[in-house]
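Read-outs throughout are calculated quantities, based only on the coordinates presented, and are distinct from any laboratory measurement. Predicted model only: the values in this text are computed from it and were never measured. Don't worry about glycine lacking a Cβ; one is built from the backbone with ideal geometry, like all the others, and counts go over all protein chains shown.
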Amino acid sequence: MYPIVMKIISLVLTCFLTNAVAWGQGQSTIKIEPGDSGEEIVRKAAWVVPTINQYAYKKLEYNCFVHFGPNTFTRNEWGSGMEDPKTFDLQDLDTDQWCRAMKDAGMKLVVFTAKHHDGFVLWQSRYTRHGVMSSPFRDGKGDVLKDLAASCRKYGIKLGVYLSPADLYQIEHPQGLYGNLSEYTERVIPRPVEGRPFANKTTFTFNVDDYNEYFLNQLFELLTEYGPIHEVWFDGAHPKRKGGQKYNYLAWKKLIRTLAPEAVIFGKEDVRWCGNESGGTRVSEWDVIPFTEDPGQANHFPDIHGDPGKRESLAGAKYLHYFPAETNTSIREGWFYRDEETQRVRNADDVFDIYERSVGGNSTFLLNIPPNREGRFPEEDVTVLREVGKRITETYGTDLLAGAQGDKALLDDDEDTYLLGEEGKGTYVITLPQPITLNRFLLQEAIKTQGQRIEKHVLEASVDNRWQRIAQGTTVGYKKILRFPAVTTRKLRLRILEARTRPSLSKVSAHYYKLRPPRLAVSRSLEGQVTIQPVKDNFNWKLIGIDYQQNLGNAAEIRYTIDGTTPTKKSSLYSGAFFHTSGVVKARAFEKDLAGGIVEREFGMTRKDWTVKASSTGSEKYKAHNAIDGDVSSFWHSDENQATPTLTIDLKQRVELKGLIYTPPANFKEGLIEQGAIKVSRNGKSWKEVQIFDLGNLVNDPTPRTVKFDKAVKARYVQVTALRGAGGSTSASVAEIELLVKK
Ligand code: FUL
């Protein structure tokens, strides 16, 4: 059928459908009948399409997460819930600066932590005093969310709210509502508060307990007085639980669907967590996910790991549901702002790489930028955002297929025109008037009405009149970005090799990313020898048989500093490993006038003379020395159920210490230290506590964490004790411990 006809049908259908239903003959949830064969299940999967809200959310592609609250001032990742509201001593706030930075970056929506796990609210809620209303911020009259909502309207950024179901204040406070075993009774939402009438006169009646009433009342405030709200973010993490508190999510959902009809709900049936917080992405990201119960009636949505959408995962499904992934990670080490000295910031190479792998891997990228104690996005973060925004525009703002000969439905920018291939395959040839040089190729399926179908594809270029494979991939979905070494050609051929039924392609485009000098990695041996080398990119170069070096050239020279300053072309030239006792090494590759991303590593003192003892060791494989051997793949793991697992380190010399770096095991979930204590001694017998440190939720982002001591301290012996393990584990595991010395 002609594309224009498809467009008219699609438009007519769109006008009459509500949010809950998708377009055309596709549905956002399709029931599997008991007698359905494997093939029929796969065919049904091909007709699972996004709701109108989900599709609008997919098109946002790249959004901003903002974590802000008392943790910004305590420098913790997880609060206790009993922080004095005066801790939130915010004197300045510039949400316009936040929104300008988002705009420059090309971000479309911001999700703001209106209430994190600590239960402190950052808006003038009627239903608690534990928030900005009791803080010094504008003498208790400030409303961070209100400022942000105004800035969002001013800069055209959509607004989302993060409202943590976990609430430590309501758990810890003697009159707290969380898990107080209150009766389930009929409650009217919103509960009227004297002198604080709502403009929105909608009311609801739910049979709920105290905490769910509290939560519903706060949702009502957020959804009616700051909107329109386009994403509601429910965090699945719980530092603590109490009284078997249950969540009446179906009541929450009714409120959201009524009061925020354009919103998607993260952490429930609209958007799922990608399964990690370190920026990792799947090779094949399916939006069509099997369920064993009706997702529209479910109260709980467990985290999804592995490869949930592959064909083998569909067998046994009772329902197939459109359930897109969101890749959320932070630009800094941790979700909240801590400091400029020790809190590492991702460089532009790293963020741009995650952008291409997430947005270009059928996921939505939610990048967290934590405002500092001055109420502003830190300058270094803004610089990275701006550089990444520039690279996105420079690369994807120009389509090298402009003027090409090929199927118009593929080459135009009309999401309602698309090409259907044959059953399970398709071949598309694009011929250009002049040769182009490309190293990126972008594909989009017509998921709006046709669902996600492509399972395997390959891209070829005509070189010396021969088809040469330049890239290959599996799923496409809303968007796939193929990355490969640059090739110059006048002819491209895209072949769909496997698909769940007739593949539907609505868009292809070609691009060139101006390669920066290579990303670098800085490492140091036990003896203190520092090595700096190019990072092999995440691309699967070997998959397409290309030697990645040919693409990056070897013209790059590496310059570095060891005094904390930013490397320039005049800095020390790296010509091989060099000895470095401790402190920050910053490195940058230069290629003619192009500068690569800055990479920095802070090293503790050399450890070759150290000895270490553990309070217990799970087995020889997890011996204590693994924690100081310089090999992050080996780690110490204590016995299970040991009260306070401890490492005692003899530095063999007395030094002045200013902090430590804890590296958790990368692929081992037991015993990651969320909270710990540091003690020091001159003689190994009498100990002095230096600091308690809180690292929050490491399980989903097990990367090195730096703890800066409030005050430098002289010692020869150091004890690191685990006080709380991630996920309630009662052991401790340490891949590396490094100690930072005061120069
Ligand atoms: C996790 C939380 O525990 C972190 O503090 C952060 O909010 C992250 C986005 O989600 O579950």
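What to note about this one:
- Under Karplus coefficients 6.51, -1.76 and 1.60, residue-wise ³J(HN,Hα) of the range 654-670 in Hz, glycine/proline x: 8, 10, 9, 9, 10, x, 9, 10, 9, 10, x, x, 7, 10, 8, 8, 7
- The range 582-635 and the range 151-165 have their alpha-carbon centroids 39 Å apart.
- Look at W233, W467 and count the other Cβ atoms within 10 Å of each Cβ; fewest to most, that gives W467, W233.
- FRET efficiency, 1/(1 + (r/R0)^6) with R0 60 Å, evaluated for T488 and R129 via beta carbons: 0.35
- Against the compact-protein benchmark of 2.2 N^0.38 Å, the Cα-based radius of gyration of the range 554-598 scales to 1.11.
- Both numbers refer to the Cα atoms of the range 611-741; Rg and Dmax are 13.3, 38 Å.
- Between R469 and S575, the modelled labels are 4.3 nm apart [label points 7 Å from Cα along Cα→Cβ].
- Given R0 = 30 Å, the distance between the Cβ atoms of E689 and K608 translates into a calculated FRET efficiency of 0.60.
- Put a dot 7 Å past the Cα of H625, heading toward its Cβ, do the same for K310, and the two dots end up 3.9 nm apart.
- Mean Cβ count within 10 Å, highest first, over the residues of peptides 354-366, 600-612, 97-109: 354-366, 97-109, 600-612
- log₁₀ of I(q)/I(0) at q = 0.20, 0.24 Å⁻¹ - the range 426-469, Debye sum with one point per alpha carbon: -0.85, -1.06
- Each residue of the range 486-502 is assigned a 3J(HN,Hα), and the resulting list reads 4, 9, 10, 7, 10, 9, 10, 10, 9, 10, 8, 8, 9, 7, 6, 6, 5 Hz, derived from the Karplus form 6.51 cos²θ - 1.76 cosθ + 1.60 (θ = phi - 60°), x at Gly and Pro.
- The translational diffusion coefficient of the range 686-743, from Stokes-Einstein at 25 °C and 0.890 mPa s with a Kirkwood hydrodynamic radius over alpha carbon pairs, comes to 182 µm²/s.
- Placing a pseudo-label 7 Å from each Cα along the Cα-to-Cβ vector at Y155 and K246 gives an inter-label distance of 4.3 nm.
- A simple charge model with +1 on the Cβ of Lys and Arg, -1 on the Cβ of Asp and Glu and nothing else charged puts the dipole of the range 352-402 at about 120 debye relative to its Cα centre.
- Put simply, when 43-53, 240-250 are sorted by average Cβ atoms within 10 angstrom per residue, most first, you get 43-53, 240-250.
- For the range 611-741, size of Cβ-based charge dipole, Lys and Arg +1, Asp and Glu -1, in debye: 700 debye
- Calculated diffusion of the range 361-419, Stokes-Einstein form, Kirkwood radius summed over Cα pairs, 37 °C and 0.692 mPa s, µm²/s: 219 µm²/s
- Here the peptides 54-60, 442-448 are ranked by packing, the mean other Cβ count within 10 Å, and the order with the highest first is 442-448, 54-60.
- For F65, nonlocal amide neighbours, meaning residues 5 or more places apart or on other chains whose placed amide H falls under 5 Å from its own, are V111, L367, N368, I369.
- Note on the chain: Cα convex hull, mean projected area over all directions, 34.4 nm².
- Extension gain for K714 to N200 (0.36 nm times residue separation, less C-alpha to C-alpha distance): 178.9 nm.
- The phi torsions of the range 226-242, fed into the Karplus equation with coefficients 6.51, -1.76 and 1.60 and a -60° offset, translate into couplings of 9, x, x, 9, 10, 8, 10, 10, 9, 7, x, 7, 9, x, 7, 10, 7 Hz, rounded to whole numbers, with Gly and Pro shown as x.
- Debye, to nearest 20: dipole size of the chain, +1 on Lys, Arg Cβ, -1 on Asp, Glu Cβ: 1260 debye
- Ordering L660, G564, L259 by Cα displacement along the dipole of the chain toward the positive end leaves G564 in first place; charges were set at the Cβ atoms of Lys, Arg (+1) and Asp, Glu (-1).
- G426 long-range amide H proximity, modeled H, under 5 Å: I496
- Going by neighbour counts of Cβ atoms within 10 Å, the residues S134, S151, S619 line up, fewest first, as S619, S134, S151.
- Close amide H pairs (under 5 Å, H built 1.01 Å from N) link D701 with E277, residues at least 5 positions away or on another chain.
- K408/Q97 FRET efficiency (R0 51 Å; Cβ-Cβ; nearest 0.05): 0.75
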